[in-house]
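The structure appears below as structure tokens.
FYI, it's all coordinate maths here, none of it is from the lab. These numbers were taken from a predicted model, which means no experiment stands behind them. For neighbour counting, all protein chains shown are included, and Cβ atoms are generated from backbone atoms with ideal geometry for every residue, glycine included.
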Amino acid sequence: MDLDDQVEEIETKEDFANFLHAFRETLLRQPDEWENSTLERFLDAMEAWVNSMEGYAFNSGDVDVLRPSWKTFAKILSAASVYE
């Protein structure tokens, strides 16, 4: 299952922990696929994406992202790996 699919299945803390493991593994195995592979760039992108979440929710119809959940945290992390 790819990471985007795994994000959609997150409902519990354990699901989120499993996602984090897979997320870290993708960075180790495929660092070239990450736009933001340093901690500084990753955190900067995470901050920018969180500040833009309303726009993402509006454009994608994913209004659940505006309600904090384990899935929301995973979406924030996942977006930060590629968000410019």
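Build a GNM of the chain with springs between Cα atoms under 10 Å apart, and of Leu28, Leu43, Leu20 the one that fluctuates most is Leu28. For the options Ala57, Ala74, Ala45, a Gaussian network treatment of the chain with springs between C-alpha atoms closer than 10 Å singles out Ala57 as fluctuating the most. The HN-Hα couplings worked out from phi for the stretch 46-52 by the Karplus form 6.51 cos²θ - 1.76 cosθ + 1.60 (θ = phi - 60°) are 4, 4, 5, 5, 4, 5, 9 Hz, whole numbers, x standing for Gly and Pro. For the chain, the Cβ-based charge dipole about the Cα centre amounts to some 260 debye (Lys, Arg positive; Asp, Glu negative; other atoms uncharged).
Projecting the Cα positions of Tyr56, His21, Leu3 onto the charge dipole of the chain (unit charges on Cβ atoms of Lys, Arg, Asp and Glu, taken about the Cα centre) puts His21 furthest along the positive direction.
Using only Cα atoms, locate the centre of the stretch 1-37 and the centre of the stretch 49-67, then give the distance between them in Å, rounded to an integer. The stretch 1-37 and the stretch 49-67 have Cα centres separated by 19 Å. A viscosity of 1.567 mPa s and a temperature of 4 °C, combined with the Kirkwood radius over C-alpha pairs in the Stokes-Einstein formula, give the chain a diffusion coefficient of 99 µm²/s.
When each pair of different Cα atoms in the stretch 34-77 is counted once in the 1/r mean, what is the Kirkwood radius in angstroms, to one decimal? Can you show the working numbers first?
Details: mean 1/r = 0.0912 Å⁻¹.
Its Kirkwood hydrodynamic radius stands at 11.0 Å.
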